Amino acid sequence: RLMLDILSSAFGRAKGGASEEEEDGEAEAGDKKGEEGEDQEGEEAEEEEQEEDEEEEPEGDEDEVGVGGASKAAAKPTAKDPAFDLETAEKPSVEPHFGTEFWEAPASEIKGLLARWAAAPPKGSRLADAKEVLRLPDRNVFLATDFDLKKPPEASGVEALQLPAGGLQKLYSSFPPLPEPLPMQPQPLPSVAAKGWRAWHLQDTVFKTPRSEIWLKLSTDEAPLDPTDAAKQVMLAMLSRVLRDTLNEIAYLAEQASLHIRVTSASYGLDLTVGGFHHKLPLLLEHGLKEVLAFGEAATWEQRCKDGSFLARFEAQKEQLLRGYRNAYLRPGDHAADIRRLMLMPHKQDPRERAKALESIDVKVLAAFAQELIPKLRAEVLFSGNATVADAEELVASLPSSLREAPGGQPLDPGSLP
């Protein structure tokens, strides 16, 4: 039995060693196969990444290298002037100040280019369509070309500013002395007063520049104006804003020509002011006055009320004016100053009253107000600057007859002129 136990234990050890060797061999084979599989998978992954990179490359980068190793970019033809070849061109000229080289085009090339520009484009082409809608802007009619100074008037024909006897220092001891000579004062024009106009003129003899200013005071004492009515004063302010907005196009052209035009409201009506170089001022005044008087016609308002952009601008102007009334007392100083003015002028309305009145005003209400007001306006004229008496008389004669102070061209009372 002892021998059997020894033999069985020896046999078991031998069998176990063989199985361990087999397991080790199988493990080594499995590890080797796994490494080969991982290597194969890694190569496949690299190939897939390379294919993806090639797919992501832009078309312009493909086949960058052409035949013979020349790059495709170098093979692309560069833009050239068809009438100029650098290799066959003559020696260039040199700009004397900066040393820049340049070539002069021959007369034949310039003639051919101008002929192509002058030729009519083919019908139905994009160039023909563009030619129908594109054009140069119209010439600015307000550009001055006459800058000559007018001949100064005779000294005997112009009166200086008149002061009370003893000067202003006699009335106000702290008033500073005025420099000599005293400035000239505007003179009434009796020649136009005889035709029913109220006008003044003052020629500049101090600054001597080719500039002038023209003021038109458009006023009336009749209805619908009422200085004590907040609604009427608010509609007058709205009307002046609408007129300024309508004159924007004309005002822009005038500004480019160093001129200006402005419409403002006052308790008596409207003020129309133009200024700048004297040459085209009468023309600018004519355009501005034409727009102002057109708002007194029913046809103008009927056309404006159908214009969506005009209605939008009206609402914008109303909102801006309403915001100004509501924010008038944000500063205590402005509030105190307005209270002082209200005490001195009882007919004046405070901003809160005007804001309340403005809320109920629409474009139809303003149209009815303008059609009633504008035909009743009468003009007083002041022409100062580089202009003679004859220029002022000619300007007043060109104004619409509906603005005469006296109806029917009747002469004004000489006592009514200062």
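The values are calculated or read from the model by the stated rules, or taken from the named source; none is laboratory data. Worth saying up front: this structure is predicted, and the values here are computed from it rather than measured. As a convention, Cβ positions derive from the backbone with ideal geometry for all residues, glycine included, and neighbour counts pool all protein chains shown. Surface accessibility is based on the protein's heavy atoms, side chains included, excluding ligands, DNA and RNA. Shrake-Rupley method; radii C 1.70, N 1.55, O 1.52, S 1.80 Å.
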Given H placed on each backbone N at 1.01 Å, which residues far from residue 196 in sequence or on other chains put an amide H within less than 5 Å of it?
412
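How much net charge surrounds residue 143 when only other residues with a Cβ under 14 Å from its Cβ are counted (Lys, Arg +1; Asp, Glu -1)? Provide the component values of the computation, followed by the final result.
Numbers: positive: 139, 280; negative: 138, 146, 255.
With Lys, Arg at +1 and Asp, Glu at -1, the neighbours total -1.
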Residue-level accessible surface for residue 102, protein heavy atoms, 1.4 Å, Å²
80 Å²
Neighbour net charge for residue 373 - beta-carbon separation under 13 angstrom, K R +1, D E -1:
-3
Rolling a 1.4 angstrom probe over the protein chains, ignoring ligands and nucleic acids, what is the accessible area of residue 150 in square angstrom, nearest 10?
70 Å²
Hey, if we sort 172, 268, 325 by accessible area with the 1.4 Å probe, largest down, what's the order?
172, 268, 325
Expressed in nm², what is the orientationally averaged projection area of the convex hull enclosing the Cα positions of the range 262-418?
12.9 nm²
Using a probe of 1.4 angstrom, how much of the accessible area of the range 250-391 is carbon and sulfur, in percent?
54 percent
Residues with amide H under 5 Å of residue 266's amide H, sequence separation 5 or more or different chain, H placed in the peptide plane at 1.01 Å from N; which?
271
FRET efficiency for residue 90 and residue 252 from the Cβ-Cβ distance with R0 = 41 Å, rounded to 0.05, comes out at 0.25
Rough spin-label spacing in nm, given labels placed 7 Å along Cα→Cβ, for residue 328 and residue 290
3.7 nm
What's the Cα-based Rg to Rh of the range 132-263, Rh via Kirkwood?
1.07
From the phi angles alone, apply the Karplus equation (6.51, -1.76, 1.60; θ = phi - 60°) to the range 131-142 and give each ³J(HN,Hα) in whole Hz, x where the residue is Gly or Pro.
5, 6, 9, 9, 7, 6, x, 5, 5, 6, 6, 9
Given q = 0.17, 0.22, 0.27, 0.29 Å⁻¹, what are the Debye log10 I(q)/I(0) values for the range 86-129, with equal point scatterers placed on the Cα positions and solvent ignored?
-0.69, -0.81, -0.96, -1.01
How are the alpha carbon pair distances in the range 162-214 distributed across 10 Å bins from zero to the largest one, expressed in percent?
19, 31, 30, 19, 1
Principal axis lengths of the range 241-321 from Cα atoms, whole Å, largest first?
37, 27, 24
Summed over the other residues with a beta carbon less than 12 angstrom from that of residue 208, with K and R at +1 and D and E at -1, the charge totals +1
